[in-house]
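The values are calculated or read from the model by the stated rules, or taken from the named source; none is laboratory data. Given the structure is predicted, the values throughout are model-derived calculations rather than measurements. Positions of Cβ are backbone-derived with ideal geometry, glycine not excepted, and every protein chain shown enters the neighbour counts. We work out accessible area using only protein heavy atoms, side chains counted, and drop any ligands, DNA or RNA first. Shrake-Rupley method; radii C 1.70, N 1.55, O 1.52, S 1.80 Å.
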Amino acid sequence: MSNRKALLETVIKDRLVDTKKHLDTLRYACSKFGRDFDFALFEQAWTSDDHDRRLLAYGVQAGYENAINGAVKIAQELCELEGWTPANQEPTSTEALKTLKANGLVDARTHVKLKDAYESRSDLQHDYAHVTVYKVYEAAEATLEGVPLMLQDVALYVKQRST
């Protein structure tokens, strides 16, 4: 195995652990809004004048952004590791997620959840003045649905690849 491939494999394994932590943080942040992550409670906190309540809502946004960013970075690195994209050339998020789907690492439903969450992240970061609380809520939900499945499948794939 080349040095670059060995490095990528190590980085992916580390990023899997890190992204799982971000996902756990997202779950925890969402739990502050009821057992089933109640939108009304989340919206009240997001629009609150109380800084502490608003910080709880912003914790959801930070957890979701970190988790989806980690998942996409894993997808991009795995594409290079496997030679599904040119060496030393990072695929776009769209290309990387499509490639994972094409190679059976995520199913169609998970692909859509990941794609939607990542596209929302871009929209939220680049158009923050017009962000709607519901868009953050939907993106967090999509992340909670898509990222755990991807992490599980990629971790299994990387483990099997190493043996």
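What is the packing order of peptides 141-152, 75-86, 36-47, taking the mean over residues of other C-beta atoms within 10 Å and listing the highest first?
Top to bottom by mean Cβ count within 10 Å: 141-152, 75-86, 36-47.
If you plug each phi of segment 146-163 into the Karplus form 6.51 cos²θ - 1.76 cosθ + 1.60 with θ = phi - 60°, what whole-Hz ³J(HN,Hα) values come out, in order, with x for Gly and Pro?
The phi angles translate into x, 5, x, 5, 5, 4, 4, 5, 5, 4, 5, 4, 5, 5, 5, 5, 7, 8 Hz.
For Lys101, which lysines qualify as cross-link partners when the Cα separation must be under 19 Å and same-chain residues fewer than eight apart are set aside?
Lys101 reaches Lys73, Lys113, Lys115, Lys159.
So what is the relative contact order for the chain, in percent, with contacts set as C-alpha pairs under 8 Å and at least six apart?
Relative contact order, the chain: 26 percent.
Taking the Cα atoms only, what angle lies between the long axis of helix 93-102 and the longest principal axis of the chain, rounded to 10 degrees?
The angle comes out at about 60 degrees.
Please report, as a whole percent, how much of the solvent-accessible surface of segment 60-150 comes from carbon and sulfur atoms (probe radius 1.4 Å).
Carbon and sulfur atoms account for 47 percent of the accessible area of segment 60-150.
What aspartates and glutamates could a cross-link reach from Lys13, if we take a straight Cα to Cα line under 12 Å and drop same-chain neighbours fewer than 8 places away?
Here the aspartates and glutamates satisfying the reach criterion relative to Lys13 are Glu77.
Helix-derived [θ] at 222 nm for the chain: sum -39500 (n - 2.57) over DSSP H runs of at least 4, divide by residue count, nearest 500?
-27000 deg cm²/dmol
Taking the Cβ-Cβ separation of Gln152 and Leu55 as r and a Förster radius of 41 Å, what is the calculated FRET efficiency to the nearest 0.05?
0.85
Order the following by accessible area, largest value first: Lys115, Lys98. Probe radius 1.4 Å; ligands, DNA and RNA are ignored.
Of Lys115, Lys98, the descending order of accessible area is Lys98, Lys115.
Mind checking which aspartates and glutamates have their C-alpha under 19 Å from Lys135, skipping anything on the same chain fewer than 8 residues away?
Asp36, Asp38, Glu43, Glu65, Asp116, Glu119, Asp123, Asp127, Glu145
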